[in-house]
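*Asks:* Below you'll find the structure I mean.
What follows draws every value from the coordinates through simple rules; no lab data is involved. Here the structure is a predicted model, which means the values were calculated and not measured. Note that we place each Cβ from the backbone using ideal geometry, even for glycine, and neighbour counts take in every protein chain shown.
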Amino acid sequence: MLIGIYPRKLVFFAVIGLLIFGSVKFVNSRAGSMTVSASQDTVANMSQSYNDYYLELNAMPDGKIYSGSKEIPNAIRATSDMDELRLLVLDQPDNTYSTVKIVLNLPKKINRLYKDPEIIAVHGASPLFAKLEGNAVIFEAQNAYDR
C-alpha cells in the first residue's frame with residue numbers, strides 16, 4: 001500500500017484553513033474594540049442592608065471621581081461633545097443584591113443635563129431610573145430576577 005501527498009490539494013486546503021483562521025481572528029479583534037469598558041477598580045458597598053448595594057461617588061472640579069477617600073482612576077472619558085462616567089460597579093460579586101443605588105455628587109449644582117443619564121446594566125440587572133436631583137445624579141437598578 002502506498003500513501004502519498006497531493007501537493008496541490010495540500011496547498012488548497014492550507015490556504016482555505018488560513019483564510020478561515022484569519023477571518024476569525026479579524027472578527028474577534030473588531031468585536032473586542034466595540035466592547036464596553038469601564039474602570040476595573042470595584043468599590044466597597046456602603047449599604048447597611050445585606051440585600052442592597054449603595055455607593056456614593058464624589059466628582060471633583062478637576063474631573064476626578066472619588067469613593068470616600070479612594071480615587072477611581074480612568075472613570076471619566078472625555079469625548080468630543082460630552083464627558084462619560086463609566087464605572088464597573090459589581091464585578092463578580094460575592095452576594096446577590098435586590099437593588100443597587102449609586103449617587104454621584106457633582107461639584108456644583110446644574111440646572112439640567114445635556115442628555116438623560118444611561119445605565120448600562122448586564123447579567124441580570126434591570127435599570128430602574130437615572131435622574132438629576134439637585135447637585136447629584138442618582139442611578140438605581142434592581143435584580144431582574146426579583147420582579
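*Asks:* Quick one: what are the phi-derived ³J(HN,Hα) couplings along the stretch 52-59, Karplus 6.51/-1.76/1.60 with θ = phi - 60°, whole Hz, x for glycine and proline?
*Replies:* Result, ordered by residue: 10, 10, 10, 9, 10, 10, 10, 8 Hz.
*Asks:* A follow-up question, please. Kindly write out, for the stretch 99-116 in residue order, the coupling ³J(HN,Hα) from the Karplus curve 6.51 cos²θ - 1.76 cosθ + 1.60 (θ = phi - 60°), rounded to whole Hz, with x marking Gly and Pro.
*Replies:* Per residue, the Karplus-derived 3J(HN,Hα) values read 9, 10, 10, 10, 10, 9, 7, 8, x, 8, 5, 10, 6, 7, 8, 4, 9, 4 Hz.
*Asks:* Amide H to amide H, which residues 5 or more places from residue 87 or on other chains are under 5 Å from it, using H placed in the peptide plane?
*Replies:* It is 39, by chain and number.
*Asks:* How long, wide and thick is the stretch 50-95, going by the Cα atoms along their three principal axes, in whole angstroms, largest first?
*Replies:* 39, 21, 15
*Asks:* A further question on this structure: Just tell me which lysines come within less than 19 Å, Cα to Cα, of residue 131; anything on the same chain fewer than 8 places away is out.
*Replies:* Leaving aside lysines fewer than 8 places away in the same chain, those within reach of residue 131 are 101, 108, 109, 115.
*Asks:* Multiply the residue separation of residue 54 and residue 103 by 0.36 nm, subtract the distance between their alpha-carbon atoms, and state the gained length in nm to one decimal. Walk me through the numbers before you get to the answer.
*Replies:* Values: separation 49, 0.36 × 49 = 17.64 nm, distance 0.80 nm.
Once the chain is fully extended between residue 54 and residue 103, it gains 16.8 nm.
*Asks:* Please list the non-local residues whose amide H lies under 5 Å from the amide H of residue 57, H modeled 1.01 Å from N, same-chain partners needing a gap of 5 or more.
*Replies:* 103, 104, 105
*Asks:* Could you pull out which residues in the stretch 66-89 have an amide N less than 17 Å from a spot 7 Å beyond the Cα of residue 47, following the Cα-Cβ vector?
*Replies:* 88-89
*Asks:* Hey, could you get me the Stokes-Einstein D for the stretch 52-146, Kirkwood radius over alpha-carbon pairs, 25 °C and 0.890 mPa s, rounded to whole µm² s⁻¹? Don't skip to the end; give the middle numbers.
*Replies:* On the way: Rh = 14.2 Å.
Diffusion coefficient, whole number: 172 µm²/s.
*Asks:* Give the cross-link partners of residue 25 among the lysines, using a straight C-alpha distance below 30 Å as the criterion and excluding same-chain residues fewer than 8 apart.
*Replies:* Result set, ordered by chain and number: 9.
*Asks:* While we're here: Each residue of the stretch 9-18 in turn: what ³J(HN,Hα) in whole Hz from Karplus with 6.51, -1.76, 1.60 and θ = phi - 60°, glycine and Pro shown as x?
*Replies:* Karplus values, whole Hz, x for Gly and Pro: 5, 4, 5, 4, 6, 5, 5, 4, x, 5.
*Asks:* If you don't mind, another one. Once amide H atoms are placed 1.01 Å from N in the peptide plane, what residues at a sequence separation of 5 or more from residue 125, or on another chain, have their amide H within under 5 Å of its amide H?
*Replies:* Amide H to amide H, under 5 Å and 5 or more residues apart or across chains, residue 125 pairs with 144.
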